[in-house]
Structure formats: structure tokens, C-alpha cells
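> Dropping the structure in here first, questions after.
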Amino acid sequence: MSDASPIVPAARARIRGEVLDHGARLLAEETAIALTYQRATHAVMLASPADLEDFAIGFSLTEGIVTRAEDIESLEIVEQDRGIELRMWVADAAAEALTRRRRRLAGATGCGLCGVESLDAALAPVRRVEQGAGLRLDDLARAVASLPSAQPMNDATHAVHAAAFWRTGAGLVAVREDVGRHNALDKLAGALARAGERPSGGAILLTSRVSVEMVQKAAMIGAPAIVAISAPTALAVRVAEAAGIMLAGVARADGLEVFSHPDVCGIAPDGH
């Protein structure tokens, strides 16, 4: 556990028209977080200092460092003067693969592909996910509309993203927040892995735009659907199509727009 708070008060002077008043506002904290394996630093990300065990496990899974949460043999959260270290020891096979990979990241807030050492690595083929069943478009639109009430950090600061997992019949299973959208998705991946949730029967909900690395991470998680409040990039749509993922965006309470694999929600490809 970390003692760092993800929300901190800050003094501010507020000007509205000709009125000036002094007070305080709650701000989202961001902290340098180092993810280390076998005492070697693999990545340094700026993230919210919350749900750090989920972050460590989820990042390890979505980045392909381990294939199962159980491959992380130990995890220690170490607070330091200028940040937090997520100190992990992984199984020998994972450690050897990581050494061969020689990938180094220095990630700013929201950075998803910083430090990838080649174009081939950035656009490596994604795994094809198992198709989901029982997903309804109207349910998914309402699920996205329900997210604000499940975001206490954003409610306080108006400055963080959320990633959530929704399942038919169960509703919102897990929600994680972070100043970085990729971090929020990694934390969600860790939460699902720790809970033993199988994501094949649900959808990932995002409060952010959908760029390609978000689709890549969703494929690593094994989710058959992504629904976001913003529009995706064209590359994200192509990668989602290759991965078998239904990608929907511009989600509102009254509907959404589907860009790939509409059949996952029972829509014929030709719209009939």
C-alpha cells in the first residue's frame, strides 16, 4: 500500500467576471512510478498513486511481460523521495524474455508507446480475442452513461480518466481511474486478473479517446468489445478489426457509433 494521496488540495484565486475570491481546489496528483523487474527498471510512468498493485499486475500483462498474474512471484510497493517503485520479481522464463527484449520506456502522462525500439514492435500483430455473446448496444450506451457516478476521483478533480469493465447481467464489474488513460486501462487489467474475471463476456468502457495502443491493451486483456465516449483513430479501427474486437465510440446515453465487428452486438455488417 502507498501512503500517497491521489487527490491533494491546492490554494487558488478564482476570477469570475469582475469577482475575485480566494480558496482551494482539489487536484489530481501525479507521481513518477517506476516498474522494476529483478531490480532492473523497465518503465517510469507518471500516474495517479492509487491502485498500484493493480497497475503493476495490469501493466505487466498488457505489455506482455508476463502471460499470467501468477508469473509475478513477488511485488513490493516502495515509496522513495521522488516517486514510487513497484518492485517485482517474475518467473525465470519471463525474466529471460524481458532481458532479450531490451525495451526501455520513459513515459509521460498518458504515454502509450514511448520507448518502443522499432516500428515492428509498435505495430506488432495483436492476438485475436474470443468473441463475446449477449452484448446489446442499448445496454452498452447506458453503461457508459453510468460511468460518471462511478468516478469519485474525477468527481472531485474533473481531471482523470476511467476504464471500466461491464458484463451483461452484472453491470459495472470494476472501474479504475488515473490521470493517464493508458494507466487507467492497465489498472483495470490488473483488477480483473486479481479478481479472476474472464473478460470474454463483457466490454471495456473508456472515458477517453481510443488510439491504437488502447486496442492493443484490450486485446491482451481478451475483451471482445471497447466502447468509448470519444471517436477512435483510423489505425485503432484497423487493429480492432484484425483482433476481432467490436470498437464503438461517440457513446452517449441515446446511442453510439460502431466502427468494427458490429456482429458482436448482433448487427449485420451491411447494416441490415
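The values are calculated or read from the model by the stated rules, or taken from the named source; none is laboratory data. Every value quoted in this text rests on a predicted model; they were computed, and no experiment measured them. Methodologically, a virtual Cβ is constructed for each residue, glycine included, from the backbone with ideal geometry; neighbour enumeration extends over all protein chains shown.
> Could we say that residue 62 is of a type in the set (S, T, N, Q), surrounded by fewer than 19 Cβ atoms within 10 Å (Cβ to Cβ) and under 27 Å from residue 127 (Cα atoms) here? Explain how you work it out, then say what you get.
Working: of a type in the set (S, T, N, Q): yes; surrounded by fewer than 19 Cβ atoms within 10 Å (Cβ to Cβ): no; under 27 Å from residue 127 (Cα atoms): yes.
Taking the combined requirement at face value, the residue does not satisfy it.
> Any idea which residue in the stretch 58-98 is farthest from residue 41 (Cα to Cα), counting only those that are part of a loop (DSSP other than H, G, I, E, B) and of a type outside the set (Val, Ile, Thr)? Working first, answer last.
Taking the stretch 58-98 and keeping what is part of a loop (DSSP other than H, G, I, E, B), we get 63-68, 81-82, 91.
Checking which are of a type outside the set (Val, Ile, Thr) leaves us with 63-64, 68, 81-82, 91.
Details: 63: 14, 64: 16, 68: 20, 81: 17, 82: 15, 91: 16 Å.
Step by step, filter the stretch 58-98, then rank; the result is 68.
> Can you tell me which residue among 252, 238 is among the charged types (D, E, K, R), without any contact (Cβ under 8 Å) to a residue 24 or more places away in the chain and over 26 Å from residue 69 (Cβ atoms)?
Details: 252 fails: without any contact (Cβ under 8 Å) to a residue 24 or more places away in the chain.
Of 252, 238, the one residue that is among the charged types (D, E, K, R), without any contact (Cβ under 8 Å) to a residue 24 or more places away in the chain and over 26 Å from residue 69 (Cβ atoms) is 238.
> Now for a different question. Taking strands (runs of 3 or more DSSP E) that do not extend beyond the stretch 1-55, which have at least 2 residues that are exposed (fewer than 15 other Cβ atoms within 10 Å of the Cβ) and in contact with a strand residue (DSSP E or B) (Cβ under 8 Å, 6 or more places away or on another chain)? Write out each step before concluding.
Details: elements: 7-16, 19-28, 31-37, 40-47.
Output list reads 7-16, 19-28.
> Further question on the same structure: I'd like to check something: does the stretch 168-184 contain any residue that is at pLDDT below 95 and of a type in the set (Lys, Arg)?
No, because not a single residue in the stretch 168-184 is at pLDDT below 95 and of a type in the set (Lys, Arg).
> Could you check residue 45 against (1) closer than 22 Å to residue 181 by Cα; (2) in contact with an Asp or Glu (Cβ under 7 Å, 6 or more places away or on another chain) and say which number it fails?
With (1) closer than 22 Å to residue 181 by Cα; (2) in contact with an Asp or Glu (Cβ under 7 Å, 6 or more places away or on another chain) applied to residue 45, the lone miss is (2).
> Just checking, which of 202, 222 is at positive phi and within 16 Å of the chain's Cα centre (by Cα)? Walk me through how you get there before you give the answer.
Numbers: 202 fails: at positive phi.
Step by step, each of 202, 222 is checked, and only 222 is at positive phi and within 16 Å of the chain's Cα centre (by Cα).
> Let me ask something additional. Looking only at the stretch 13-64, which residues are touching a residue at least 60 places away in the same chain (Cβ under 8 Å), under 22 Å from residue 151 (Cα atoms) and of a type in the set (Val, Ile, Thr)?
Matches in the stretch 13-64: 57 only.
> Quick one: which of 172, 192 is surrounded by fewer than 21 Cβ atoms within 10 Å (Cβ to Cβ), of a type outside the set (Phe, Trp, Tyr) and in contact with a Phe, Trp or Tyr (Cβ under 9 Å, 6 or more places away or on another chain)? Show your work before the answer.
Working: 192 fails: surrounded by fewer than 21 Cβ atoms within 10 Å (Cβ to Cβ).
172 is the lone residue from the list that is surrounded by fewer than 21 Cβ atoms within 10 Å (Cβ to Cβ), of a type outside the set (Phe, Trp, Tyr) and in contact with a Phe, Trp or Tyr (Cβ under 9 Å, 6 or more places away or on another chain).
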